[in-house]
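All remarks here apply to the structure that follows.
The values are calculated or read from the model by the stated rules, or taken from the named source; none is laboratory data. This is a predicted model, so every value here is computed, not measured. In this analysis, Cβ positions are derived from the backbone assuming ideal geometry, glycine residues included, and neighbour counts consider all displayed protein chains. Just the protein is used for accessible areas: all its heavy atoms, side chains included, with ligands, DNA and RNA removed. Shrake-Rupley method; radii C 1.70, N 1.55, O 1.52, S 1.80 Å.
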Amino acid sequence: MSSFLPKDESPIRISLSVIGGKWKPLILWHIKENPRRFSELQRCIPGITQMMLTKQLRELESDMIIIRTMYPEIPPRVDYRLTDLGKTVFPVLCALYSWCKTYQDEIVK
């Protein structure tokens, strides 16, 4: 996304492209405080396939939201952590979480 970002693109469309969808907010939520390995993320996010997790992680990395770090060990170890830019998304995710709680309370009445 970032390398093809048109100047006149809607901020909402850009936001949804970078952090929207079924899986990206969950991935970000699970790495907000600590780096996670691929297998940890798979366990934390029931229903996500290996192929989808790989795709979403690559997109988040391409958009400079996360960093993939490979350690020179045998077997190789890779983890994912937020960039400084990625950390700035948490007020948005927390606001979305808060809104959802209000929404749930309203529709459950």
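Annotations
- Any hit, segment 68-80, residues being within 13 Å of the chain's Cα centre (by Cα) and of a type in the set (Asp, Glu): no
- Screening the candidates Ser15, Ser10 for the property of being touching a helix residue (DSSP H, G or I) at 6+ places or on another chain (Cβ under 8 Å) and not charged (D, E, K, R) yields one hit, Ser15.
- Residue selected from segment 71-88 under the condition in contact with a strand residue (DSSP E or B) (Cβ under 8 Å, 6 or more places away or on another chain) and more than 13 Å from Arg37 (Cβ to Cβ), by the criterion surrounded by the fewest Cβ atoms within 10 Å (Cβ to Cβ): Thr83
- Subset of segment 71-109 [polar (S, T, N, Q) and part of a helix (DSSP H, G or I)]: Ser98, Thr102, Gln104
- Within segment 35-53, being open to solvent by 90 Å² or more (accessible area, probe 1.4 Å) and in contact (Cβ under 8 Å) with a residue 40 or more places away in the chain holds for one residue alone: Arg37.
- A single entry from Leu96, Leu28 fulfils the requirement of being open to solvent by less than 80 Å² (accessible area, probe 1.4 Å), in contact (Cβ under 8 Å) with a residue 60 or more places away in the chain and in contact with a helix residue (DSSP H, G or I) (Cβ under 9 Å, 6 or more places away or on another chain): Leu28.
- Scanning segment 54-70 for residues that are touching a strand residue (DSSP E or B) at 6+ places or on another chain (Cβ under 9 Å) and either assigned to a strand (DSSP E or B) or surrounded by 14 or more Cβ atoms within 10 Å (Cβ to Cβ) (or both) turns up Leu57, Leu60, Glu61, Ile65, Ile66, Ile67, Arg68, Thr69, Met70.
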